[in-house]
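The values are calculated or read from the model by the stated rules, or taken from the named source; none is laboratory data. For clarity, every value in this text was computed on a predicted model and none was experimentally measured. Here the Cβ positions follow ideal geometry from the backbone for every residue, glycine too, while neighbour counts run over all protein chains shown. Only protein heavy atoms, including side chains, enter the accessible area calculation; ligands, DNA and RNA are left aside. Shrake-Rupley method; radii C 1.70, N 1.55, O 1.52, S 1.80 Å.
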Amino acid sequence: MKKLFSTFLVSLFFWCAFAIPGATQYIPDVSGDYVYYKDNSFNRESYIGLLHYDESTYKIRYYAPKDNNSKLPEKELGILISINKDSVYWNMNGEYIINQIDPNSQDVDLVNYLHDFLYEFSARRNKIQDVEKMNLSSEQEYPQFGGAVTIMFDAIVPIFNIRDIISQNGEKVLECVCIGRLTSSDDEGFDSFTGFTEKITDNSFGNKIKGKKSNKVSFEGKSITIDENWTQNLENFWTLGDDALLTLVFVPDASKDDNQNKLLLLRRLLSSTYTSYIHLPSAKMNLSKESKISIYTESYDAAENTYIITNKLLNKRKTGGYDYASLAVYENTYAKNQSYFNKILKSYK
């Protein structure tokens, strides 16, 4: 249940104008924002993460899991970077390589690649300038990723706003797999990331839930129908044993601009917390109705090696802000009881 609760404990709003040199961020980054990419230009499964400490300090981390087939050991390399925050381009003025490297090995090439990664991303982001929506495409030449590519920019992705890089044949040569935010100096969410495992699809796991007498619950004018299997822990907080968590809250607006407010909200609701990582490529969003938003996410809980399925429903109030319902369920329970949980979600009014 602690892991389910951590999927909900996300700081929705923290307004602070951090941005990379030479660019204006429509959704400002804050200390602790990070992003991870799956980099398919390598011959093994590889991830590159970027962490924003403050306006002049960043961290870049390369991670590759152990590859038994190719007999390759686990590989990790991290670099702390300081930049000139007053420059109009990415201007590094200091670095500290965290992991020990062998100067006679490919480690030197990897360090250089990470340097180039930062310079290239900064330059390509600065060409666009305004990223004020989720899907903004730009045709560019990028030799590292095969030449002519389509770079997809997305305002909800922190730091460089780059989500995917797509080759001419339609393959994602670089893919954003998760975004997140550290909650404290003790939060190990960025450094502990090791990728995603396969999601369980066999619904023979988990307990079949037998429905009981219906019970309509409400908070601040919004209601949802559960049943007597659920226990109320707080005024707006219910649990189904250790398998599921339901929360009803009100989320105030953070900006007077409706588009900016919605994108900021989406960034926060798609951000990973602690070592529970939301797999961004599998996230599903329905934004077709101006006053309603629905989000489906699959979060990989690294500590327990399992997934948490979360459905988030938001209704815009005429007076401002959103009524928000969040239903988080362990994947094995969700797989065997989808109709049960879908019925609950459909009852939200």
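No other residue among 210, 199 is among the basic types (Lys, Arg) and touching a residue at least 60 places away in the same chain (Cβ under 8 Å) apart from 199.
So that you can scan it fast, the table gives a plain yes or no per residue for (1) in a strand (DSSP E or B); (2) over 22 Å from the mean Cα position of the chain (by Cα):
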{"site": "77", "(1), (2)": "yes, no"}
{"site": "81", "(1), (2)": "yes, yes"}
{"site": "102", "(1), (2)": "no, yes"}
{"site": "111", "(1), (2)": "no, yes"}
{"site": "119", "(1), (2)": "no, yes"}
{"site": "134", "(1), (2)": "no, no"}
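The residue that is nearest to residue 32 (Cα to Cα), counting only those in the range 172-187 that are within 15 Å of the chain's Cα centre (by Cα) and either among the charged types (D, E, K, R) or open to solvent by 60 Å² or more (accessible area, probe 1.4 Å) (or both), is 181.
Residues considered: 277, 307, 296. Of these, the only one that is under 22 Å from residue 32 (Cβ atoms), aromatic (Phe, Trp, Tyr) and either without any contact (Cβ under 8 Å) to a residue 60 or more places away in the chain or part of a strand (DSSP E or B) (or both) is 277. Each residue in the range 263-299 was checked for being of a type in the set (Phe, Trp, Tyr) and open to solvent by less than 10 Å² (accessible area, probe 1.4 Å), and 1 pass.
In summary, residue 244 fulfils each of the numbered conditions (1) open to solvent by less than 10 Å² (accessible area, probe 1.4 Å); (2) of a type in the set (Gly, Ala, Ser); (3) within 22 Å of residue 36 (Cβ to Cβ) with the single exception of condition (3). Here residue 54 passes the criteria (1) in contact (Cβ under 8 Å) with a residue 40 or more places away in the chain; (2) within 20 Å of the chain's Cα centre (by Cα) except the one numbered (1).
For the range 85-93, state whether one or more residues are under 26 Å from the mean Cα position of the chain (by Cα), more than 19 Å from residue 194 (Cβ to Cβ) and open to solvent by 40 Å² or more (accessible area, probe 1.4 Å). Checked against the condition, which is being under 26 Å from the mean Cα position of the chain (by Cα), more than 19 Å from residue 194 (Cβ to Cβ) and open to solvent by 40 Å² or more (accessible area, probe 1.4 Å), the range 85-93 yields at least one hit.
Of the residues that make up the range 141-157, is at least one outside any loop (DSSP other than H, G, I, E, B), touching a residue at least 40 places away in the same chain (Cβ under 8 Å) and in contact with a Ser or Thr (Cβ under 8 Å, 6 or more places away or on another chain)? Yes: the range 141-157 contains one or more residues that are outside any loop (DSSP other than H, G, I, E, B), touching a residue at least 40 places away in the same chain (Cβ under 8 Å) and in contact with a Ser or Thr (Cβ under 8 Å, 6 or more places away or on another chain). Residues in the range 188-206 that are β-branched (Val, Ile, Thr), within 15 Å of residue 276 (Cα to Cα) and either modelled with pLDDT of 95 or more or loosely packed, with under 11 Cβ neighbours inside 10 Å (or both): 194 only. Going through (1) open to solvent by 10 Å² or more (accessible area, probe 1.4 Å); (2) touching a strand residue (DSSP E or B) at 6+ places or on another chain (Cβ under 7 Å); (3) closer than 19 Å to residue 163 by Cα one by one, residue 52 falls short only on (1). Among the residues of the range 53-75, the ones that are over 19 Å from residue 116 (Cβ atoms) and part of a strand (DSSP E or B) come to 5 in all. One residue stands out among those in the range 310-349 that are more than 19 Å from residue 242 (Cβ to Cβ) and assigned to a loop (DSSP other than H, G, I, E, B): the one that is most open to solvent (accessible area, probe 1.4 Å), which is 318. Filtering 89, 96 for residues that are out of contact with any helix residue (DSSP H, G or I) (no Cβ under 6 Å at 6 or more places or on another chain), not small (Gly, Ala, Ser) and not in a strand (DSSP E or B) leaves a single hit, 89.
If you go through the range 226-241 and keep only what is among the hydroxyl-bearing types (Ser, Thr, Tyr) and surrounded by 17 or more Cβ atoms within 10 Å (Cβ to Cβ), you end up with just 239. The requirement of being touching a helix residue (DSSP H, G or I) at 6+ places or on another chain (Cβ under 7 Å), hydrophobic (A, V, I, L, M, F, W, C) and either assigned to a loop (DSSP other than H, G, I, E, B) or crowded, with 20+ Cβ neighbours inside 10 Å (or both) is satisfied by residue 160.
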